[in-house]
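Scroll down for the structure; my scribbles are underneath it.
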Amino acid sequence: MSFLRRIFDERFLSHRQRSTSTAGIACAALALVLFEYRLIVSHVARWDLLAVGATFVVVKLSLMAWYAFRD
């Protein structure tokens, strides 16, 4: 058994996958919240924030549908 295989086992990969997913969700939610905040408080639409949040939503839902049909 190689050194790297002992360090990076399936538990490590599972934790990495979950933490990356959680981080992506948090960043997209923050982008959408900032868009809404600036729109409501300052009456300024920051379309770049909306684009980041919408891109996340589209990619996440597309991948969920892809994996559901592939399994």
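Computed from the coordinates by the stated procedures, all read-outs in this text should not be read as laboratory data. Computed from a predicted model, the values in this text were never measured in an experiment. A quick note on method: Cβ atoms are made from the backbone with ideal geometry, for glycine too, and the neighbour counts reach across all protein chains shown.
Determine whether A23 is surrounded by 10 or more Cβ atoms within 10 Å (Cβ to Cβ), small (G, A, S) and part of a helix (DSSP H, G or I).
Numbers: surrounded by 10 or more Cβ atoms within 10 Å (Cβ to Cβ): yes; small (G, A, S): yes; part of a helix (DSSP H, G or I): yes.
Yes.
Among the residues of region 11-44, which ones are among the hydrophobic types (A, V, I, L, M, F, W, C) and in contact with a helix residue (DSSP H, G or I) (Cβ under 7 Å, 6 or more places away or on another chain)? Reasoning before the result, please.
Taking region 11-44 first, the residues among the hydrophobic types (A, V, I, L, M, F, W, C) are 12-13, 23, 25-35, 39-41, 44.
Hits for region 11-44 are A28, A31, L32, L34, F35, V44.
Taking into account only those residues within region 54-71 that are over 16 Å from L30 (Cβ atoms) and aromatic (F, W, Y), which is surrounded by the fewest Cβ atoms within 10 Å (Cβ to Cβ)?
Filtering region 54-71 for residues over 16 Å from L30 (Cβ atoms) gives 58-59, 61-71.
The next check asks that each one be aromatic (F, W, Y); those that pass are 66-67, 69.
Details: W66: 10, Y67: 9, F69: 7.
Result: F69.
So how many residues does region 35-52 have that are out of contact with any Cys (no Cβ under 9 Å at 6 or more places or on another chain), touching a residue at least 12 places away in the same chain (Cβ under 8 Å) and under 24 Å from T20 (Cα atoms)?
Qualifying residue count for the region: 3.
Tell me which residues, restricted to region 26-71, are of a type in the set (K, R) and assigned to a helix (DSSP H, G or I). Let's see the steps before the verdict.
Residues of region 26-71 that are of a type in the set (K, R), as a first pass: 38, 46, 60, 70.
Passing the criteria: R38, K60, R70.
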